[in-house]
Amino acid sequence: MHSQLRIQDVLMRPVFKGAQLLAGASGVDRPLRWIHILDVLEVRDMIRGGELVLTTGMGFSRCTEDFRSYIEQLIVGNAVGLCMELGTAIREVPPEILQIADAHDFPLIVFTFQVRFVDITQDVHSLILSRHHKLLDDVEHIAHRLQQYTVGALGMQHILALIREVTEHTVMYFRNGQNPVVLPHARTDSSAIVRDMIEKLQIDMDGVMEPTVFPLPDACTLEDKCEVVIAQTVFVVGIPRATLVLLCNADQVNEYLMMVVDRATSALAQGEFHRLSVQEQQLFHEQDFVEQLIRGEKLQQSSADSIMPSGREKRFCTVMLYIPGLVLSVSEQYGEDWRSQQLPLSMLIRFPFAREQFRPYLSLRRDAIIAILEYDGQQADWKPRITSAIKHLHAILRKNGVENQGVFVGVGREVNVLSAVERSYQEAVTALAIRNKTSETDIFFYDDAGIYRWVAMLERDEQARQLARDDLQPVLEYDRKHQTVLFETLRVYLDCDRSKQQTADRLFIHRQTLYHRLEQLNQLLAVDLADPVRRLALHVSVYYHLLNP
């Protein structure tokens, strides 16, 4: 395995023959990135960290304070050491400078004779570059081996085994919603410990786009003693599907490990995409299953069990999604063939529901998407989880460059038998229609539709339309003629159960203004609002008109 070039390695080079390590001996294991000559006093902005600095001391030869400032700037700038030629500008290193170097484990190397800095830089730079080229060659070889595993049935296991082989560190792989895979296999079941570790790390898996080092919390107790983890998220069509984690100590983190993790993550992403593609192709016969369910057709039990296994208490609800501009936007990305569009689209839609512990069965139409959601019968929080899934779906579509003007959703009531899914579907269609007409919210649950459920049943009833027209015609005509808002005032007044204070507050008007409007309404309406039966009938007419203007 590749190790980083360190100060102690370059001290063994022939060009350092005769050099003396005067101070900071505990820091000779510092990794060296580059070597640089600096003979000026102000050096803080001239280094990036990881440099071994060469100097004759000409920039700070006049006084010890300048020397102190110089070495402190190097320490703050994360240089890894200082190499000086004594005799040209400085004859000896002051004791206080040696104390500073020892206190910070900052190697201070001296030559007591004249040396050619050009020979040192050429030698060390050649060493750095040759090691880097070797690293790139080895990583490329590993990437080629990883590529060979991406489409195999055991591709993920082979990839993880190869990472373990070439890094000699513990490897962990977390697929969302599944137990982690750990190599080498722990002597005890470490699944709960590993999940606890990830939770304590508080890694934002939606944002770990490249290999990132996280300190391991002290509370995490694993068989392998380590200080940090290198983590990177595996994305498939822009969706976080899994996380690759490598455990190691802080001083073991180097470019080689970071590059191996990055290449392995890419290979795992290809493997995950292939696996999901196969699964999605197998799931396409779900579409016929869903369409049969929502049409209320009788299903063969064997056919239903092959798609939706029985044996546990389950509940279902139907979700109707309308995403304006989705088909056109997906066509631009994936081609004109609708069949080819369905595969990536079903992946995008399935993930946010699965993330919320739903099992979605999809039917993708050009004008809408139908999802029958299966979930544990003991879960009572299905509504908030659907809302969360829709919010996440909107974010995923945006992240994948699928332009849309929103995700508009109607949700039917939950049912506990497949034969009732047809009713849930009809309710979802009604809920979406209500949402589209009222524009109250992006997601509308039939459960919450209230009076709209009754109104929707009478939508095509001409007698109901005429009744609402007769009840409200005087008010609507008056509003049109005089540009007033008496209809809205009536609606809010009835919604507030005739509370004048609540009505004025909701309309943001003075109570005297409300009294004047109510007087006008009393003159226009042939209804006694004190009569609860006639008041209820008028209230229904108001909402019938809102849904069917």
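Taking region 383-432 as the range and being within 14 Å of Phe351 (Cβ to Cβ), in a helix (DSSP H, G or I) and touching a helix residue (DSSP H, G or I) at 6+ places or on another chain (Cβ under 7 Å) as the test, the residues that pass are Ala389, His392, Leu393, Ile396, Leu397.
Among residues that are among the hydrophobic types (A, V, I, L, M, F, W, C), in a helix (DSSP H, G or I) and not assigned by TED's automatic domain parsing to the domain that holds Ile323, Ala504 is included.
Residue count for region 347-376, restricted to those that are hydroxyl-bearing (Ser, Thr, Tyr) and either assigned to a loop (DSSP other than H, G, I, E, B) or buried (at least 22 other Cβ atoms within 10 Å of the Cβ) (or both): 1. Scanning region 222-235 for residues that are at pLDDT below 80 and either crowded, with 16+ Cβ neighbours inside 10 Å or under 18 Å from Asn179 (Cα atoms) (or both) yields Leu222, Glu223, Cys226.
Within region 90-117, being closer than 14 Å to Tyr70 by Cβ and assigned to a loop (DSSP other than H, G, I, E, B) holds for Ile90, Val93, Pro94, His104, Phe106. The residue that is surrounded by the most Cβ atoms within 10 Å (Cβ to Cβ), counting only those in region 239-278 that are in a helix (DSSP H, G or I) and hydroxyl-bearing (Ser, Thr, Tyr), is Thr265. Being among the aromatic types (Phe, Trp, Tyr), over 30 Å from Ile386 (Cβ atoms) and in a helix (DSSP H, G or I) is not true of Tyr452. Of the residues examined, Glu488 is one that is at pLDDT 90 or above, in a helix (DSSP H, G or I) and over 15 Å from Gln523 (Cβ atoms). Pairs under 6 Å by beta carbon, first residue farther than 11 Å from Glu85 by Cα in region 41-61, partner among the polar types (S, T, N, Q), six or more apart or different chains? Cβ pairs passing all conditions: Val43/Gln73; Arg44/Gln73; Gly49/Asn78. Remark: pairs (first residue in region 409-423, not assigned by TED's automatic domain parsing to the domain that holds Pro384; second residue crowded, with 24+ Cβ neighbours inside 10 Å and charged (D, E, K, R); Cβ separation under 8 Å; 6+ apart in sequence or on different chains) are absent.
In region 437-464, the residues that are more than 25 Å from Trp382 (Cα to Cα) form no Cβ pair under 8 Å with any partner that is at pLDDT below 80 and outside any helix (DSSP H, G or I), whether six or more places apart or across chains.
More than 28 Å from Asn254 (Cα to Cα), surrounded by fewer than 21 Cβ atoms within 10 Å (Cβ to Cβ) and in contact with a Pro (Cβ under 6 Å, 6 or more places away or on another chain) - does that describe any residue in region 54-76? Among the residues of region 54-76, at least one is more than 28 Å from Asn254 (Cα to Cα), surrounded by fewer than 21 Cβ atoms within 10 Å (Cβ to Cβ) and in contact with a Pro (Cβ under 6 Å, 6 or more places away or on another chain), which makes the answer yes.
For region 425-445, the set of residues classified as within 31 Å of the chain's Cα centre (by Cα) and buried (at least 17 other Cβ atoms within 10 Å of the Cβ) consists of Tyr425, Ala428, Val429, Ala431, Leu432, Arg435, Ile443, Phe444, Phe445, listed by residue number.
The values are calculated or read from the model by the stated rules, or taken from the named source; none is laboratory data. Bear in mind the structure is a predicted one, so any value in this text is a computation, not a measurement. Neighbour counts are summed over all protein chains in view; Cβ atoms, including those assigned to glycine, are modelled from backbone coordinates with ideal geometry.
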